Amino acid sequence: MARASLVVLAVVGFADATYLTVEHFANAIPPCTIHGCETVLSSAYSYIFGIPVALLGSLYYFVLLVIYLLYFEAKDVRALNFALHLSVLGLICDIWFVSLQAFIIHAWCQYCLLSAAVSTVIFVLSYWSLFGSPKIKLEK
């Protein structure tokens, strides 16, 4: 169940980040119910080395989705192990970007918060699917 949920979460994260990426390249600000998206999405922190953070998020979720689908195809636990390591990077980015919104930008983006929540749950479920389930035997 947790492993199948990882695929769904990766799709949700990919859809969210890709939507923001498309809006970015269309020079549009998506509708926002919490009145802070424009501030966050147009801040200097919305780019890393000139690349929109949303595009990096799309790539992150796409890679996770491919890894999860490879796992389901091959049943190779190394794919889940790699996804766990990648999700640690996602968690670190979540902490950074949520902290930026809270303490530096002083505005919130609902799409960014959704992505942070999805990425955090992916980390928790990835960890649990590897170490929390007695059914899985790790092979080296």
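Residue-wise test of (1) out of contact with any Cys (no Cβ under 8 Å at 6 or more places or on another chain); (2) farther than 18 Å from Thr120 by Cβ; (3) of a type in the set (D, E, K, R).
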position: Ala2; (1), (2), (3): yes, no, no
position: Ser5; (1), (2), (3): yes, no, no
position: Val22; (1), (2), (3): yes, yes, no
position: Arg78; (1), (2), (3): yes, yes, yes
position: His85; (1), (2), (3): yes, no, no
position: Leu89; (1), (2), (3): yes, no, no
position: Ser99; (1), (2), (3): yes, no, no
Checklist entry - Taking the stated definitions as given, is Ser126 touching a residue at least 40 places away in the same chain (Cβ under 8 Å), at negative phi and surrounded by 16 or more Cβ atoms within 10 Å (Cβ to Cβ)? => result yes
Checklist entry - Any idea how many residues of segment 90-119 are among the aromatic types (Phe, Trp, Tyr), assigned to a helix (DSSP H, G or I) and in contact (Cβ under 8 Å) with a residue 24 or more places away in the chain? => result 2
Item to check | Residues satisfying the stated conditions in segment 97-108, i.e. surrounded by 12 or more Cβ atoms within 10 Å (Cβ to Cβ) and over 15 Å from Val118 (Cα atoms) | outcome: Leu100, Gln101, Ile105, Ala107, Trp108
Checklist outcome for this item: Of the residues in segment 4-46, those that are more than 19 Å from the chain's Cα centre (by Cα) and polar (S, T, N, Q) come to Asn27, Thr33, Thr39, Ser42, Ser43
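The rows are residues; the columns are (1) modelled with pLDDT under 95; (2) over 12 Å from Cys112 (Cα atoms).
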| position | (1), (2) |
| --- | --- |
| Met1 | yes, yes |
| Leu9 | no, yes |
| Ala28 | no, yes |
| Ile34 | yes, no |
| Cys37 | no, no |
| Ala54 | no, no |
| Tyr61 | no, yes |
| Lys75 | yes, yes |
| Leu89 | no, yes |
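The values are calculated or read from the model by the stated rules, or taken from the named source; none is laboratory data. None of the values given here were measured: they were computed from a predicted structure. Counting neighbours? That spans all protein chains shown, and the Cβs are built from the backbone with ideal geometry, glycine included.
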